[in-house]
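Report on the structure given below.
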Amino acid sequence: MTAPNIPSAQHAPSGVPEQPHHAAPPNVPTKEWFDTKGLDYETSYGHNAGLLKAVDKFAARLRPGCRVLDLGCGTGRPVAHTLAARGFQVHGVDFSETMIGLSRAAVPNGVFECAHLLDWTPAQGQRFGGIVATSSFYELSREQMETLVSRWRDWLEPGGLALLMMVAAEDVPSTKTEMYDSDGRFARGIPFRFMGEDCFLYLFTRAGWRALLEERGGLVVREQWVEAFVPPREADCDGETNSFFIAERAKAMEGGLA
Ligand SMILES: C[S@@+](CC[C@H](N)C(=O)[O-])C[C@H]1O[C@@H](n2cnc3c(N)ncnc32)[C@H](O)[C@@H]1O
């Protein structure tokens, strides 16, 4: 896989000044790569029973009918589609035009925007009852993930919830000691087989994902669990152990009401 090449103009929302190019870590699945996958991704990953269960749990905790932001929404199935079917107003963001097109077809009453996650910002005053990010930080460095999640406290309404599904560094068999940052919370350049390609993953540990939500996002983790997922053999993907977190933006924050 070649180093990513993301033309920033493609991701800058209209009317917003262009942001500088967001340099991604080397050898990650790129926007161009996701553009070529489209429905093949859904065929390989759309039936992840652990993810379906997590969306159910999350939906049951959300304020009924609230607006939910799906960051890196992919094809829209299963996450956005399931949430829309339960009466939530889904707002998806993804930098792949192919994925956004599939999401719009899967969820006709949703709002979907094609943007890099670091370029996207909500409309002025807009807040969400929920934020979902499931396996969608592939093209972000540690520092970029920290920046993104630090914005969530402003994007979530008080009492709003975030659902995060990610792989933890320690759960990938190819993670080596020397790949970890000195704080032991993040590993860089983990070899991984993903839809017929050899790529690298950049992942927090389970404790690191939790700290990301709590320390950067200002959220309180309410539930945390782990589920294994084995993609179909023909997908040519490594198996995954998915870590799930449901975190809440507290209603009252230090120093007064949020
Ligand atoms: C592995 S797929 C997961 C899709 C969906 N969240 C799901 O669980 O089915 C990752 C998605 O995130 C998108 N993505 C990855 N990095 C992104 C970024 N920096 N900005 C916007 N979208 C991104 C990709 O285009 C892709 O559609």
Exercise. Which condition breaks for A24 when tested against (1) more than 18 Å from M165 (Cβ to Cβ); (2) at pLDDT below 95; (3) more than 9 Å from the ligand (Cβ to nearest atom); (4) of a type in the set (G, A, S)?
Worked result: (3)
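For region 137-153, which residues satisfy the criterion of being charged (D, E, K, R) and either free of Cβ contacts under 8 Å to residues at least 40 places away in the same chain or surrounded by fewer than 19 Cβ atoms within 10 Å (Cβ to Cβ) (or both)?
The answer is E143, E146, R151, R153.
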For this session: Check off (1) within 10 Å of the ligand (Cβ to nearest atom); (2) touching a helix residue (DSSP H, G or I) at 6+ places or on another chain (Cβ under 8 Å); (3) of a type in the set (V, I, T) for V149 and give me the number that stays unchecked.
Result: (1)
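Would you say S44 is over 24 Å from V111 (Cβ atoms) and touching a helix residue (DSSP H, G or I) at 6+ places or on another chain (Cβ under 7 Å)?
Details: over 24 Å from V111 (Cβ atoms): yes; touching a helix residue (DSSP H, G or I) at 6+ places or on another chain (Cβ under 7 Å): yes.
Yes.
The values are calculated or read from the model by the stated rules, or taken from the named source; none is laboratory data. Being a predicted model, the structure only gives us computed values, none of them experimental. Heads up, the Cβs are rebuilt from the backbone with ideal geometry, glycines too, and the neighbour counts pull from every protein chain shown.
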